[in-house]
Amino acid sequence: MYFYCEDCKKEYPLNTHSYKCDCGGMFRLHKDANEAVAKHTISLGEFVTPLLPLQVGNLDFLLKMEHLLPTGSFKDRGACSMINALHELGIKKIALDSSGNAGAAIAAYAAAAGMECTVYVPDDISQEQVKQIESYGAKIVKVANGRMRACAAVKQNLGDAYYASHVYNPLFFEGIKSMAHELYEQLGHHVPDYIFMPVGNGTMLLGLFLGFMEIGRLPHFVAVQSSKCAPLYEAYHEVPAEPKRATIAEAIRITQPKRLKDMVQAIKASGGDVVKVLDKDILKAQKYLSHHGVYVEMTSAAALAGAEQFFADGKPDNYKVVIPLTGNGLKR
């Protein structure tokens, strides 16, 4: 098992302190069919998240309750996989950048593994998320002027730490794949017709793509972005880029996603789409979910807003449409 460059195919060991190829290409993971990333000796009590039916007017959806995972977001899947692999490799010191959820997930699993962890975050991160990350014993470094500056800062100050990035490191995507296999089992060995998800860096999109590729059939992936920050929408639809602004869906406020090309390819391969939604519609969707007993962060609600917009003229009754709820509302 090893990393390789998606451009020049150069190989790197899993414990490399390089986070991308010397040529600038991003890493992918090579493993044989009989290889698993790591046994989950480090655990926080992961479980199969339920599917909850939701009726919105004439539309019926299935909510994948990822916000119920141990640290309150789907990022626990990737963190569990990556930290177990790094623990097996003997890595003791990690650093990463995050807008909140990945930082909390990786910090929690790092604590369980006895790793030293430093998380670089934008300085406008919510205090609830800062408190959660720090509670696991991780060191917080706040960086001014946005999420992308936090990414640049950690890479400039890694020192002897391993860059445990949920964007750069393919070991993280291996964990997200488990959601695809869960859905397949929960739907009686069927693939959903559509999956709507909020997309920033694309970790859920790319992880689900890999998982369903293993199963052998893809659902239609529909990526949902805020109208205030929609680089994937612009790249997929080949429209001019617009200024990037702050949005209430802060977890997907990613102005320059590193795996943009891969994200576009995944959407196209699935016959899916990318939509953008207004903040007022995200807020409306979050209130609707809350009034039905489901409390999620604004970014999660963006997916419901996107699904409602996409099926504004209705959908066939037999379509199975899944909306993963990415993060718990208690985080903000």
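Could you list, in sequence order, all residues of region 278-325 that are outside any helix (DSSP H, G or I), closer than 21 Å to TYR194 by Cβ and touching a strand residue (DSSP E or B) at 6+ places or on another chain (Cβ under 6 Å)?
PHE311, VAL321, VAL322, ILE323, PRO324, LEU325
Listed here are the residues, each with its yes/no results for (1) modelled with pLDDT under 95; (2) in contact with a helix residue (DSSP H, G or I) (Cβ under 9 Å, 6 or more places away or on another chain).
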| residue | (1), (2) |
| --- | --- |
| ARG253 | yes, yes |
| VAL264 | no, yes |
| ALA269 | no, yes |
| ASP273 | no, yes |
| ASP279 | no, yes |
| GLY293 | no, no |
| ALA301 | no, yes |
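For GLU250, are the conditions met, namely being of a type in the set (Asp, Glu) and more than 17 Å from the chain's Cα centre (by Cα)?
Answer is no for this residue.
Among the numbered criteria (1) touching a residue at least 60 places away in the same chain (Cβ under 8 Å); (2) under 23 Å from PRO70 (Cβ atoms); (3) touching a helix residue (DSSP H, G or I) at 6+ places or on another chain (Cβ under 8 Å); (4) buried (at least 23 other Cβ atoms within 10 Å of the Cβ), which single criterion is violated by MET115?
So the condition that MET115 fails would be (1).
I need the full set of residues from region 186-214 which are assigned to a strand (DSSP E or B) and either open to solvent by 10 Å² or more (accessible area, probe 1.4 Å) or charged (D, E, K, R) (or both), in order please.
TYR194, PRO198
Of the conditions (1) in a helix (DSSP H, G or I); (2) over 19 Å from THR49 (Cβ atoms); (3) open to solvent by less than 50 Å² (accessible area, probe 1.4 Å); (4) not β-branched (Val, Ile, Thr), LEU183 clears all except one; give me its number.
That leaves (2) as the condition not met.
From LYS228, LYS177, which residue is open to solvent by 10 Å² or more (accessible area, probe 1.4 Å) and either within 28 Å of SER43 (Cβ to Cβ) or free of Cβ contacts under 8 Å to residues at least 40 places away in the same chain (or both)?
Going through LYS228, LYS177 in turn, just one is open to solvent by 10 Å² or more (accessible area, probe 1.4 Å) and either within 28 Å of SER43 (Cβ to Cβ) or free of Cβ contacts under 8 Å to residues at least 40 places away in the same chain (or both): LYS177.
Only one of ALA102, ALA108 is outside any strand (DSSP E or B), touching an Asp or Glu at 6+ places or on another chain (Cβ under 8 Å) and surrounded by 24 or more Cβ atoms within 10 Å (Cβ to Cβ); which?
When all the criteria are applied, what remains is ALA108.
Let me confirm something: among ALA305, ALA269, ALA312, which residue is without any contact (Cβ under 8 Å) to a residue 60 or more places away in the chain and of a type outside the set (Lys, Arg)?
ALA312 is the lone residue from the list that is without any contact (Cβ under 8 Å) to a residue 60 or more places away in the chain and of a type outside the set (Lys, Arg).
Kindly indicate the residue of region 10-36 that is among the charged types (D, E, K, R) and in contact (Cβ under 8 Å) with a residue 40 or more places away in the chain and also farthest from LEU96 (Cα to Cα) among those meeting that condition.
The extreme case among them is ARG28.
If a residue has to be touching a helix residue (DSSP H, G or I) at 6+ places or on another chain (Cβ under 9 Å) and either closer than 14 Å to ARG147 by Cα or of a type outside the set (Gly, Ala, Ser) (or both) to count, how many in region 218-251 make the cut?
Count: 21.
Kindly indicate the residue of region 147-174 that is in a helix (DSSP H, G or I) and of a type in the set (A, V, I, L, M) and also surrounded by the fewest Cβ atoms within 10 Å (Cβ to Cβ) among those meeting that condition.
Ranking the candidates gives ALA152 first.
Give region 36-68 a look and list any residue that's open to solvent by 70 Å² or more (accessible area, probe 1.4 Å), closer than 18 Å to GLY293 by Cβ and within 18 Å of the chain's Cα centre (by Cα), or say none.
LEU68
For SER165, all conditions in the list (1) farther than 11 Å from ASP97 by Cβ; (2) touching a Leu at 6+ places or on another chain (Cβ under 6 Å) hold save one; what is the number of the exception?
Single failed check for SER165: (1).
As an exercise: evaluate ASP76 against (1) in contact with a strand residue (DSSP E or B) (Cβ under 6 Å, 6 or more places away or on another chain); (2) open to solvent by less than 10 Å² (accessible area, probe 1.4 Å); (3) of a type in the set (D, E, K, R) and give the number of the one condition it does not meet.
(1)
The values are calculated or read from the model by the stated rules, or taken from the named source; none is laboratory data. Given the structure is predicted, the values throughout are model-derived calculations rather than measurements. Positions of Cβ are generated from backbone atoms using ideal geometry, with glycine treated the same way; all protein chains shown enter the neighbour counts. The protein model used for the area step is the full one, side chains on, heavy atoms only, and it has no ligands, DNA or RNA in it. Shrake-Rupley method; radii C 1.70, N 1.55, O 1.52, S 1.80 Å.
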